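Notes for the one structure printed next.
Any read-out appearing in this document is the output of simple, stated calculations on the displayed coordinates, not a laboratory observation. Since the structure is predicted, the reported quantities are computational estimates derived from the model, not experimental observations. Here the Cβ positions follow ideal geometry from the backbone for every residue, glycine too, while neighbour counts run over all protein chains shown.
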Amino acid sequence: MSHSAAGDDGTAATLAALAAAGTRKVLGFARHSRTGKFLSAILNVVLLIAAAPLIAVMIAWLQLKSYAGHFFHRLSTEGPLNLKKARRQHLVDSVRFAAQPEHPALAQSATTIALYIKAGKYTSEEVMRAFIRQASRVQTCMNVIKDERYALAIAEAQAVDAVLRQYRASSKNLDELPPFFGVPCSVKEVFAVPGLRQTGGTWWRREYRATTEASPITRLRKAGFVLFCVTTIPELGMWYETLWGGGGRSSNAYDHRRIVGGSSGGEAALISAAGAPCGIGSDIGGSIRMPSAFNGVWGHKPTGGLVSNAGACGMGSQHSALRAGMAKPLCILAPTDHVL
């Protein structure tokens, strides 16, 4: 009796093992056989073809909404005559600036400005005020600044000058100070700067203000930079031009009919117009490199993961795929042959 029961148990175990082996064989066929791989590839192609029209419609809708928002925003806030007048005046100012900048720092690199501030040739406050005046003038016709902290930046620049006076009075080594101590800096709007807007290029975040500080911003401050504004981006930081319904289009300094690229378009355009000596952007597929080329400035995308993007928003918000990079001007604002 016990022998028969044992035999039945052995038979059942054998059948279960055979069934499991058969199941694995069937599943293995689907995963590893040539036929299974071919059918899987065919299914992927069919799904892609089916989804393509939907993706195209979504992209077209976003672009149409952006252009419509830009048109009505400019029409309601500036009007065609005022906008045309502002652009004409900007071109006149461009010729003047190309001949003689208001302050020498406007045509100098961040490295040179830092050396002159430490040497006492410039004060941080005078440099900051010069860039704020230039950025304000640029903003009237190029629309490249999303939000500003001018008053706070001037106060921080004054604090820098006070520290420098103390160092000189006590004969301390100025090399102990950060390398870019007191140098103005602008920032792409995707990075959180406490108190400033951080929309990420989305309409539902258009009034959102950051309450924390992004990691790249903290690193800039430690290097001695004084932040004074955040610059425009396209919707979700996705496009190769800088335009979205909540703020309109950013214009190129050399010809206002031309775009500034994206998604770090506002940053590159402000630097090209000498509104900032340097700035920080972000890049996945060209968002630093394309605006740099469009605006005649230098831009660099470092190795992925080298620079933290904690505290950024937009596409890829908290992921290491979003890389930060610095840009500095290689040219100053030049006159254009086109008057709008």
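Starting from the Cα gyration tensor of the stretch 98-181, take the square roots of the eigenvalues, sort them a ≥ b ≥ c, and report rounded, prolate or oblate (rounded when a/c is under 1.5, otherwise prolate if a/b is larger than b/c, else oblate).
prolate
By the scheme Lys and Arg +1, Asp and Glu -1, what is the net charge of all other residues having a beta-carbon under 15 Å from that of Asp147?
+2
Which FRET efficiency value, to the nearest 0.05, is calculated for Ala310 and Ser136 with the Förster distance at 45 angstrom and r the Cβ-Cβ distance?
That pair, Ala310 with Ser136, gives E of 0.90.
Taking K and R as +1 and D and E as -1, what net charge do the other residues with C-beta under 15 Å from the C-beta of Leu177 add up to?
Working: positive: Lys118, Arg165, Arg168, Lys172, Arg221, Lys222; negative: Glu156, Asp161, Asp175, Glu176.
After counting each charged neighbour, the total is +2.
Arrange Ser171, Ser263 by Cβ neighbour counts within 10 Å, fewest through most, would you?
Ser171, Ser263
How big is the gap, in Å, between the Cα center of the stretch 211-270 and the Cα center of the stretch 145-187?
23 Å
Among Trp298, Trp203, Trp239, rank each residue by its count of other Cβ atoms within 10 Å, from fewest to most, as a rough exposure measure.
Ascending Cβ contact count within 10 Å gives the list Trp203, Trp298, Trp239.
Could you sort out which of Lys118/Lys172; Lys121/Lys172; Lys146/Lys301; Lys118/Lys301; Lys188/Lys222; Lys118/Lys188 sit more than 20 Å apart by Cα distance in this structure?
As for pairs spanning more than 20 Å Cα to Cα, those are Lys146/Lys301; Lys118/Lys301; Lys118/Lys188.
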